[in-house]
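One structure is given here, and the rest of the page talks about it.
The values are calculated or read from the model by the stated rules, or taken from the named source; none is laboratory data. Because the structure is predicted, anything quoted here is derived from the model rather than measured. No Cβ is skipped: glycine too gets one built from the backbone with ideal geometry, and neighbour counts run over all protein chains shown. Keep in mind that these areas ignore ligands, DNA and RNA; they rest on the heavy atoms of the full protein, side chains included. Shrake-Rupley method; radii C 1.70, N 1.55, O 1.52, S 1.80 Å.
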Amino acid sequence: MSAPAMGTSKTAHDSSNKKKRGPGTLAIAYLVIYNVVMTAGWLVIAVGLVRAYLARGSYHGLYYSIEKPLKFFQTVALLEILHCAVGIVPSSVVLTGFQVMSRVFLTWAVTHSVREVQSEDSVLLFVAAWTITEIIRYSFYTFSLLNHLPYLIKWARYTFFIVLYPMGVTGELLTIYAALPYVQKTGLYSITLPNKYNFSFDYHTFLILIMISYIPLFPQLYFHMMRQRKKVLGHVDEYSKVE
């Protein structure tokens, strides 16, 4: 690495520092509040699931006990796309948008819209996976912003996904699959010809294409997280092997 030129001005140095700085104090305060609220929200969902299970003695139909908070907090997550767009969070707008919108889509355009699938066990499968994942994720972000991240949370963030991600994807796919007959029967959200716009849309086919899209996308996202896990936790594993 070459040494910096002696003639570099203070203004240029300050400008360079500004580019490297993260979000300002107000932005950090906002993000901390946002992540604390979202952590609390998903904890409410988790407690709701446990209480409903204890009251009923069965895991069937637990979705109805947490339907409203699930819809609310999953929809509020749309703000995360805005966070990336304005630059207060250094994540990809496209990747974040895909991840958030896919969940919002499943929440509203599938589970909410096709009420017949709400009692399916597959719904509980992805809701449970989402709930555990989000409690860990938002806790991770909160403590990271406060510069006081416990190792246990960091480890959970880069380990639990190994099981939770496939679990969530399985629940999502099974739920969409269960919705297909009802969508086809009712013509939900479909537009048929002829019409004044000369445009047609088959929601049933669209859902099938959504399911097919999981085939190339899931492995990419999953192995990306595996690489991140190795990057973040790898040095700890190597240290343990030496010991």
Q: Run Leu149 past the list (1) within 30 Å of Val32 (Cα to Cα); (2) in a loop (DSSP other than H, G, I, E, B); (3) touching a residue at least 40 places away in the same chain (Cβ under 8 Å) and report the number of the one that doesn't hold.
A: (3)
Q: Select from segment 47-60 the residues that are open to solvent by 30 Å² or more (accessible area, probe 1.4 Å) and closer than 18 Å to Glu120 by Cα and list them in ascending order.
A: Val50, Tyr53, Arg56, Gly57, Ser58, Tyr59, His60
Q. What residue, of Ser113, Ser122, Ser139, is crowded, with 20+ Cβ neighbours inside 10 Å, at pLDDT 95 or above and among the polar types (S, T, N, Q)?
A. Ser139
Q. Restricting attention to segment 113-146, which residues are without any contact (Cβ under 8 Å) to a residue 60 or more places away in the chain and of a type in the set (A, V, I, L, M)?
A. Leu125, Ala129, Ile136
Q: Among what's in segment 198-243 and is of a type in the set (D, E, K, R) and either outside any helix (DSSP H, G or I) or at pLDDT 95 or above (or both), pick the residue that is farthest from Lys185 (Cα to Cα).
A: Glu243
Q.
Given (1) open to solvent by less than 70 Å² (accessible area, probe 1.4 Å); (2) touching a residue at least 24 places away in the same chain (Cβ under 8 Å); (3) assigned to a helix (DSSP H, G or I); (4) touching a Phe, Trp or Tyr at 6+ places or on another chain (Cβ under 9 Å), identify the lone condition not met by Val44.
A. (1)
Q: Examine segment 22-35 for a residue that is assigned to a helix (DSSP H, G or I), more than 19 Å from Leu79 (Cα to Cα) and within 22 Å of the chain's Cα centre (by Cα), and state whether such a residue exists.
A: no
Q: Looking only at segment 82-125, count how many residues are under 30 Å from Gly24 (Cβ atoms) and part of a helix (DSSP H, G or I).
A: 16
Q: Give the residue that is most open to solvent (accessible area, probe 1.4 Å), with candidates limited to residues of segment 167-197 that are assigned to a loop (DSSP other than H, G, I, E, B) and touching a residue at least 24 places away in the same chain (Cβ under 8 Å).
A: Tyr189
Q: Select from segment 9-42 the residues that are of a type in the set (Ser, Thr, Tyr) and farther than 30 Å from Ser65 by Cβ and write down the one among them that is modelled with the highest pLDDT.
A: Tyr30
Q.
Looking at segment 207-216 only, could you name the residues that are touching a residue at least 12 places away in the same chain (Cβ under 8 Å) and either touching a strand residue (DSSP E or B) at 6+ places or on another chain (Cβ under 6 Å) or not hydroxyl-bearing (Ser, Thr, Tyr) (or both)?
A. Leu207, Ile208, Ile210, Met211
Q | Complete set of residues in segment 61-90 that are surrounded by fewer than 18 Cβ atoms within 10 Å (Cβ to Cβ) and more than 13 Å from Val127 (Cα to Cα) | A | Phe72, Thr75, Val76, Leu78, Leu79, Leu82, Ala85, Val86, Gly87, Ile88, Pro90
